[in-house]
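*Asks:* Got a structure here, written out as C-alpha cells. Questions coming.
Readers should treat all values here as calculations from the given coordinates under stated rules, not as data from a laboratory. The structure presented is a predicted model; accordingly, all values stated were derived computationally and were not measured. Here the Cβ positions follow ideal geometry from the backbone for every residue, glycine too, while neighbour counts run over all protein chains shown.
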Amino acid sequence: MSIREFLDYLQFEKKYSIHTIEAYEKDILDFSGFAQASFELEDINQVNYAIIRSWIVSLVEANISNRSINRKLSSLNTYYKFLQKIEAIETNPLAQHKALKVSKKVQVPFSETEIANVLENEFQGTDFESIRNLLIVELFYSTGIRRAELINIKLQDINSSTSTLKVLGKRNKERIIPLLSSVVSTIKTYLEVRDTLDTIVDRDYLFLTKKGVKVYETLVYRIINDYFSKTSAKVKKSPHVLRHSFATHLLNQGADLNAVKELLGHSSLAATQVYTHSSIAELKKVYANAHPRNKS
C-alpha cells in the first residue's frame, strides 16, 4: 500500500484541495523519514505508538508548536484510518492518542468603524488596481468568502440580474451568496477598467493583476494587510480577519446562526460557533447598558 494511493483517495474521493493534499503528503513523509532514520523502519504501515511517541518528543524538542504537532498527527491519523478502511492494517496506532493541549486563539475582528474607514477613505483612485482592490475588500466583507474562493471566482459565477455570486468552496461544494447593490456597482466599474488592460491572459477569472493573469494568495493577503494597516492597530490583518468580521457583525445584528453557517460555507454549526464569542461580548455590553438593575 503506497502513500500515493492515499493521496489519490484524498483528491478523488474526499475532494480535498491540492494545497491540503500537499500538506498531508509532507506530514506523512516527514514521519516516514524520522522512522527510517531513527528506527531503520522502511514501512510506516508497521509502526507502533511508541515510535510515533518518539516522533512527538523530537518535534517538541525542535520547538515545534503543539498546534503544528497536532496537525501533523491529524494527517498521520487520517492515513492510518484509510489503511484500516481498505483493510491494509488491523489497528490504528494512533487510536488512543490524545491531542496535545493548545491555547485557544481568539480571533479579533475588525470593528465596523475600521472597515468603514478603509472603504470610505482609502479608495480615492480610479485606476485599475485601486478599483480592483476596493472590490476585493468589499467582497470579503460583504460575502465572508475565503481567500482561495475569491481568487478562483470566474466571470460566469457573477449573476448581475439576480445580484448573486456562485462560490466553489471546500471539497468543491457550491453555494450561492447574495450581493449588495453597492458591490454589484463596483463589479460593473471594475469590469469596465479590466477591459482596458493591454493583455488579458486568464480571461475567465474575475480578479487579475495588471499583467492580465489571475491574482495569487500572497498578493491578496498583501492588499488586505496594506490597507488595514492604515486604520487598524490589530496584530493580524488578513483576509480571514475580514471573514471573521463579516460573521461577527452579522451575528451582532441578530442574524440567525444557521443562515451565517450557510453563507460561510461551513459543513457544521460547530465551525460557525467559533465566531459567536464576539457577538456574545456585544450582547453583554448591551445588557450591561440596558438592564435597570445595572444602573448606578
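*Asks:* Suppose R0 equals 45 Å. What FRET efficiency, 1/(1 + (r/R0)^6) with r the Cβ-Cβ distance, do ASN289 and LYS101 give to the nearest 0.05? Let's see the in-between values first.
*Replies:* Numbers: r = 37 Å, r/R0 = 0.81.
The formula returns an efficiency of 0.80 here.
*Asks:* Using Cα positions and a limit of under 13 Å, work out the aspartates and glutamates in reach of LYS210, with same-chain residues fewer than 8 apart set aside.
*Replies:* ASP127, GLU129, ASP195, ASP198, ASP202
*Asks:* Still on this structure, please answer the following. Of LYS14/LYS101; LYS173/LYS211; LYS101/LYS236; LYS26/LYS101; LYS154/LYS211, which pairs sit farther than 26 Å apart, going by alpha carbon to alpha carbon?
*Replies:* LYS14/LYS101; LYS173/LYS211
*Asks:* Let me ask something else. Based on the alpha-carbon gyration tensor of the range 119-162, what equivalent-ellipsoid semi-axes (square roots of 5 times the eigenvalues) come out, in whole Å, largest first?
*Replies:* 20, 13, 11
*Asks:* Within 14 Å, Cβ to Cβ, of ARG53, how many net charges do the neighbouring residues add up to if Lys/Arg are +1 and Asp/Glu are -1? Show your work: numbers first, answer last.
*Replies:* On the way: positive: LYS72, LYS98; negative: GLU61.
Net charge around ARG53: +1.
*Asks:* Same structure again: What order, most packed first, do the peptides 94-103, 140-149, 198-207 have when packing is the mean number of other Cβ atoms within 10 Å of each residue?
*Replies:* 140-149, 198-207, 94-103
*Asks:* Dipole size in debye (nearest 20) for the chain around its Cα centre, Lys and Arg Cβ +1, Asp and Glu Cβ -1?
*Replies:* 1100
*Asks:* So if I take the centroid of the Cα atoms in the range 40-100 and the same for the range 159-237, what is the distance between those two points in Å?
*Replies:* Centre-to-centre distance over Cα atoms comes out at 39 Å.
*Asks:* Could I ask something else about it? Once you treat every alpha carbon in the chain as an equal point and sum by Debye, what is log10 I(q)/I(0) at q = 0.08, 0.14 Å⁻¹?
*Replies:* -0.48, -1.13
*Asks:* Percent of alpha carbon pairs in the range 3-85 separated by more than 19 Å?
*Replies:* Considering the range 3-85, 36 percent of its Cα-Cα pairs are separated by more than 19 Å.
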